[in-house]
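A short worksheet on the structure shown next.
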Amino acid sequence: MRVLVTGAQGFVGKNLCLALSERNAIEVLHFTRDTPVDALPDLLNEVDLVFHLAGINRPQDPAEFQTGNAQLTQSLCDAIRSSERSIRVVYTSSSQAELNNPYGQSKKAAEQALLDLERDHPGTVFIARLPNVFGKWARPNYNSAVATFCHNIARDLPISIHDRQAEVTLVYIDTVVRHFLAVLDNQATAQQGYLDVQPQSRITVGELADLLTAFKNSRETLVTERVGAGLTRELYSTYVSYLPTDKFSYEVPKYGDPRGVFVEMLKTPDSGQFSYFTAHPGITRGGHYHHTKTEKFLVIKGRALFRFRQVDTGDYYELTTSGDTPEIVETVPGWTHNITNIGDDEMVVMLWANEIFDRQHPDTITCPL
């Protein structure tokens, strides 16, 4: 299958072309700023689908809005009409097409050219009227405030906010690409020519800046935001994509004593924290119990003896684990416990606790076995 991507070197184009390259049976033709418009008829030869992403949004001369958006789209529609093939078109319009400004008017005119094509060839046009698109590879100070904020915050540069309460509507680049690929796979439908790209999210400019700043600060506090789902997940992925290479890594505190070292890696607002510790041969760590706090231990290297005693009944239990066989050992509230390195080498143990350690209320009561 052959597809044509106009604006292939732009933000959306780069992400879409990468996704298309992951498919073996797709041949991708590129239309860029350097491609003459009169090359369109030849490019459309044997093409089944056009992803029309090319456009102008920040010209030096406002007249370029019409040539780069409306007229280019009309030329594409004319070339498709001249072709004997049934060619589908996916177009990245803008939510500003509803506004009375030069950019919005040019996008609205481009939509109308495509709707005229849809009238003549039903089922071939998919117009995606998009809000602010964000994600990896968007140009700072050009594509979106998200790109600018991510770029500057990751580099300790100031950001400018005129109105913290102003709301912006965002859609993630992977969401856009997923909908476009659904058209490619004949799994998308358009309502009167329009493709509904969801989910979209709303956030104030102040909330956006605060969240991105929290991502940066998490390297110092070790407390991560809830980056596993939704808009926060998408924004975190975007923020990390703007890190300069000298910030691909960062150090975390290490606490050492004659027994070994203890290192905290990550803390969460509501799912505890992750750390690891080491112990030299013969060393015992622990000797305490918890009322509510629970932990999971995983010996990564070495051999360990875990001992447990119920502080009320005196019941006793012990078990051994080693790095050779991954096995989680849980601590149980009301049981005092310790762990001893019974191997000949240094022992390394990963530790998860269900809460962040609170020095004011540690819930860790010393009680030797």
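Could you identify the single residue in V227, V223, V197 that is of a type in the set (V, I, T), in the same structural domain as A145 (by TED's automatic domain parsing) and modelled with pLDDT of 95 or more?
It is V197.
Any idea which of (1) among the charged types (D, E, K, R); (2) touching an Asp or Glu at 6+ places or on another chain (Cβ under 9 Å); (3) crowded, with 20+ Cβ neighbours inside 10 Å is the one E111 doesn't satisfy?
E111 satisfies all of (1) among the charged types (D, E, K, R); (2) touching an Asp or Glu at 6+ places or on another chain (Cβ under 9 Å); (3) crowded, with 20+ Cβ neighbours inside 10 Å except (2).
Would you point out which residue out of R164, R155 is touching a helix residue (DSSP H, G or I) at 6+ places or on another chain (Cβ under 8 Å), among the basic types (K, R) and assigned by TED's automatic domain parsing to the domain that holds A79?
The conditions single out R164.
For D120, are the conditions met, namely being surrounded by fewer than 19 Cβ atoms within 10 Å (Cβ to Cβ) and farther than 30 Å from V3 by Cα?
Considered against the rule, which asks whether it is surrounded by fewer than 19 Cβ atoms within 10 Å (Cβ to Cβ) and farther than 30 Å from V3 by Cα, D120 comes out as no.
Restricting to segment 96-147, give me the number of residues that are of a type in the set (S, T, N, Q), closer than 17 Å to R81 by Cβ and in a strand (DSSP E or B).
Selection size over segment 96-147: 0.
State which residue is surrounded by the fewest Cβ atoms within 10 Å (Cβ to Cβ) when the search covers only segment 58-108 and only residues that are more than 25 Å from V183 (Cα to Cα) and among the polar types (S, T, N, Q).
Ranking the qualifying residues of segment 58-108, first place goes to Q60.
Kindly establish whether H162 is buried (at least 19 other Cβ atoms within 10 Å of the Cβ) and either over 30 Å from P122 (Cβ atoms) or in contact with a Gly (Cβ under 9 Å, 6 or more places away or on another chain) (or both).
No, not satisfied.
Residue-by-condition table, conditions (1) assigned to a helix (DSSP H, G or I); (2) among the hydroxyl-bearing types (S, T, Y); (3) within 18 Å of Y236 (Cα to Cα):
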residue: P158; (1), (2), (3): no, no, no
residue: V171; (1), (2), (3): no, no, yes
residue: T175; (1), (2), (3): yes, yes, yes
residue: H179; (1), (2), (3): yes, no, no
residue: A182; (1), (2), (3): yes, no, no
residue: Q187; (1), (2), (3): no, no, no
residue: P199; (1), (2), (3): no, no, yes
residue: E207; (1), (2), (3): yes, no, yes
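One line per residue, one yes/no per condition, for (1) modelled with pLDDT of 90 or more; (2) more than 21 Å from L29 (Cβ to Cβ):
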| residue | (1), (2) |
| --- | --- |
| A54 | yes, no |
| N57 | no, yes |
| R81 | yes, no |
| I87 | yes, no |
| V90 | yes, no |
| G104 | yes, yes |
| A110 | yes, no |
| V133 | yes, yes |
| A147 | yes, yes |
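Mind telling me which of the residues S75, S106, S95, S82 ends up being assigned by TED's automatic domain parsing to the domain that holds H30, among the small types (G, A, S) and under 29 Å from the mean Cα position of the chain (by Cα)?
Matching residue, one of S75, S106, S95, S82: S95.
Report every pair of residues separated by at least 6 positions or lying on different chains whose Cβ atoms are under 6 Å apart, first residue within segment 295-324 and more than 20 Å from D344 (Cα to Cα), second assigned to a loop (DSSP other than H, G, I, E, B) and at pLDDT below 95.
R309/L369
Considering A70, A54, which residue is on the phi < 0 side of the Ramachandran plot, over 22 Å from the mean Cα position of the chain (by Cα) and part of a helix (DSSP H, G or I)?
Within the list A70, A54, the selection yields A70.
The values are calculated or read from the model by the stated rules, or taken from the named source; none is laboratory data. Because the structure is a prediction, the values reported are computed rather than measured. A quick note on method: Cβ atoms are made from the backbone with ideal geometry, for glycine too, and the neighbour counts reach across all protein chains shown.
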